[in-house]
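Following: one structure in structure tokens, then a few remarks.
The values are calculated or read from the model by the stated rules, or taken from the named source; none is laboratory data. A quick note: this is a predicted structure, and the numbers were derived from the prediction, not measured. As a convention, Cβ positions derive from the backbone with ideal geometry for all residues, glycine included, and neighbour counts pool all protein chains shown. Keep in mind that these areas ignore ligands, DNA and RNA; they rest on the heavy atoms of the full protein, side chains included. Shrake-Rupley method; radii C 1.70, N 1.55, O 1.52, S 1.80 Å.
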Amino acid sequence: MCRAPSHMLSRGLIPLKQCAGIILCALFMMVWIPLSAAQTVAPTGTGSVIGAGAPPPDVLFNRLPARDPNAITLDGWLLYPSVRIYSLYTDNFFQTPTSALSVGGVGVTPSMVAVWNNGIHTTTLYGNIDRQDYPSANGIDTLDGRAGFTQRYEAMRDLIFTFNGNYAHTTLTTGLQNSIQAPVGGSVTLPNGNTLQQNGTVTTPSGQVIVQGSSGSSVPLQVNPSNQFTGTFTIDKIFNRAALSLSGSINRTEYENQSITPNFSSRTFTENASAWLGPLVYAYSSGTVTTTVDDAINGPSGALPSLSTTSYRVIGGLGTRLRELFVGTAYFGHQGSESGGATAEGNVYGGTLSYAPTPDLTFTGTVDRTVNNAAQPFAANLALTLPGLTAIQIPLGESTITTSFGWRTSYAITQQWFANCQLSYGRIEYPGSTRLDNTWVLDTTLRYDIWRNMSIIWEYRYSTVLSNAPLAGVTSNYSVMGATYRF
């Protein structure tokens, strides 16, 4: 991660003092990693061993778990087929300030996951198709899907190599793309063996949904089908009381209508590291750098040349042990970008605090402040990458100060009823301007497990943007009810 900021330093992107701070932060993390033999074993799964801000694994797992009774077995393979049927409604489909489209629809999502594991090699094949029909607005019907594979190789009990190849077809696209790209098939294996998906969904190794992630979009959408191809290679190294994960990915995204969004290619490098400093406190660092290259296109105003944009976000911090009643993290770092000779950068800092009074009830609060000072405003088809749930996209080339607060509650009411609620608030200031945006997002889900292999899920999301700028305020209500059956 130090090499990328050093390279950008030579181009004048990061001041010398800030780059030195980033390098010292990375070195601080490395000196705490012991060189002793590993005493922990990574859980079997498809994702990385360590996620951003997570502590080093310190729980032993069996490398070859007992056969899952919920799986269909076939010649050594564990099959997890499922189908989801749902209905949804939104009063502002495209998240527009005027002429909001109110529409209801129905959807069906068949999916399949197949896992083969011999204790050293784990092969995972997956795929799904999601069809949504809107009887009153056939022009926005969607047919999405993804397919891919993950090959995991435990060279040693403390050294794991993972390769993921993913294809995704998406009908709807957001107004701007994230400046820091993440692989569609990316996931993180939690210390207890469960898997955390990018949308916040937590599943057991058998595919059982424990925490339902957010499914509705909270940012502007438009109809522009795309195909995305992503390849990701990850190395996980577990030490005695530390862990290090390095990941690199390449991506190619092609759109049906390039005049709206040009095709682009990107490459991303990610580093996550953590080490115990004592029985209760650990230190961690997380950094990502992405280079995105847009294709040259013929736009409405004429030919537009190819544009290369490099963005990064690097943080380091401290966290407490997961087994305690209170779990907290605090971090500080830097983010920046460079596009066609124009630059933007600023500090980031924040933290999280979780309280679990019982094993069935957890409260989590988050706060983040991201500063983005653009040397001069510039146009880029990318959005500033912000953590957490958000209702607005911020162009990369604008000077902004974004402060966000989040609250999440997870409650296992009974052995069959589970509830989750997320509330987030964001305040976006524009230095040098009187504009001020305030955003709110409320997302609640309720799950009822009728049987071991069938669940009903309700979700409701409310999002709003309150702004003193003309035609910038947006309000949306989104609801969905569905049933998932696992064969």
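Just to make sure I understand: if all protein chains stay in place, what is the order of Leu78, Leu396 by accessible area at 1.4 Å, largest first?
Leu78, Leu396
Can you give the accessible area of Tyr126 in Å² (nearest 10), computed on protein heavy atoms with a 1.4 Å probe?
Surface accessible to solvent at Tyr126 totals approximately 40 Å².
With a 1.4 Å probe and all protein chains left in place, how much of the accessible area of the stretch 239-279 comes from carbon and sulfur atoms, in whole percent?
The nonpolar share, carbon plus sulfur, comes to 53 percent.
Would you mind telling me the share, in percent, of accessible area of the stretch 340-487 contributed by carbon and sulfur at probe 1.4 angstrom?
63 percent
About the Cα centre of the stretch 233-325, how large is the charge dipole given +1 on each Lys and Arg Cβ and -1 on each Asp and Glu Cβ? Please answer in debye to the nearest 20.
520 debye
Can you sort Val367, Val465 by 1.4 Å-probe accessible area, starting with the largest? Mind dumping the intermediate values first?
Numbers: Val367 60, Val465 10 Å².
Highest to lowest solvent-accessible surface, that is Val367, Val465.
When a/c is below 1.5 the answer is rounded, else prolate if a/b is larger than b/c, else oblate, so apply that to the stretch 280-413 with a ≥ b ≥ c taken from the square roots of the Cα gyration tensor eigenvalues.
Prolate shape, in that a/c is at least 1.5 and a/b is the bigger ratio.
Would you mind getting the accessible area per residue of the stretch 332-487, heavy atoms of the protein chains only, 1.4 Å probe, in Å²?
46 Å²
Could you state the accessible area per residue of the stretch 93-151 in Å², with a 1.4 Å probe and every protein chain left in place?
Per-residue accessible area for the stretch 93-151 comes out at 47 Å².
Leaving ligands and nucleic acids out of the surface, order Ile120, Ile428, Ile129 by accessible area at 1.4 Å, largest first.
On the way: Ile120 70, Ile428 5, Ile129 95 Å².
The ordering from most to least exposed comes out as Ile129, Ile120, Ile428.
Provide the solvent-accessible area of Thr234, counting protein heavy atoms only and rolling a 1.4 Å probe, rounded to the nearest 10 Å².
Surface open to solvent at Thr234 totals about 20 Å².
Could you list the residues of the stretch 132-165 with an amide nitrogen less than 20 Å from a label point located 7 Å from the Cα of Asn118 in the Cα-to-C-beta direction?
What the label zone holds, given the 20 Å backbone N cut-off, is 149-164.
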